[in-house]
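Take a look at the structure below.
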Amino acid sequence: MRSINVSTDVYAAIWALRKPGEESEDAILKRVLGVSSALPLGKTNDPGKIGFADPRFNISLPEGFEIFRIYKGTEYRAKALNGKWILQNTGVAYPSLNQLSRATSGNVENAWQNWYYMEGGQRRLVQSLRPS
């Protein structure tokens, strides 16, 4: 990712073009400019590829596994890609769930108790993925 500087008016105009499912300026501009990625975010040519693993807790998640949280009214979403968590709101990669959590809240907290994933149409705590 590269950063660009735009005025507040241009920034507002970009977000005015947003369609459902577009969670970043990059996603909005890709659609508007007709730019396509080689693979959509979270997709891989190797369905068995590991997206994120934490050997301390014996957890291995598939490429594209998505988690989310709401903190102070803002929804944050991240995907497991290439061994890191990619925060979809910013595109920044974090090597651990704790660092991802700290980036969204600014606090040191138990990240396993603050992030969720969807399974069978139900919201579940990431903590439930850890062996008991």
Given an 8 Å cut-off on Cα distances and at least 6 residues of separation, report the relative contact order of the chain as a percent. 15
Correct option for Cα Rg over 2.2 N^0.38 Å [calculated from the coordinates] among (1) 0.97; (2) 1.09; (3) 1.14: (3)
Can you put Asp9, Asp54 in order, fewest other beta carbons within 10 Å first? Asp9, Asp54
Among Glu66, Glu109, which comes first, second and so on when ranked by fewest other beta-carbon atoms within 10 Å? Glu109, Glu66
Considering only lysines 8 or more places apart in sequence, or on different chains, count the pairs in the chain whose C-alpha atoms sit under 17 Å apart. 6
By Cβ neighbour count within 10 Å, fewest first, Ile28, Ile50, Ile70 rank Ile70, Ile50, Ile28
Each label sits 7 Å from Cα toward the beta-carbon; between Val35 and Glu22 the label points are separated, in nm, by 1.3
Projected label distance in nm at Trp15 and Met118, using a 7 Å step from Cα toward the beta-carbon: 2.3
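Rule-based calculations on the coordinates, nothing more; no lab input. Here the structure is a predicted model, which means the values were calculated and not measured. Here Cβ is always computed from backbone atoms with ideal geometry, including for glycine, and neighbour counts include all displayed protein chains.
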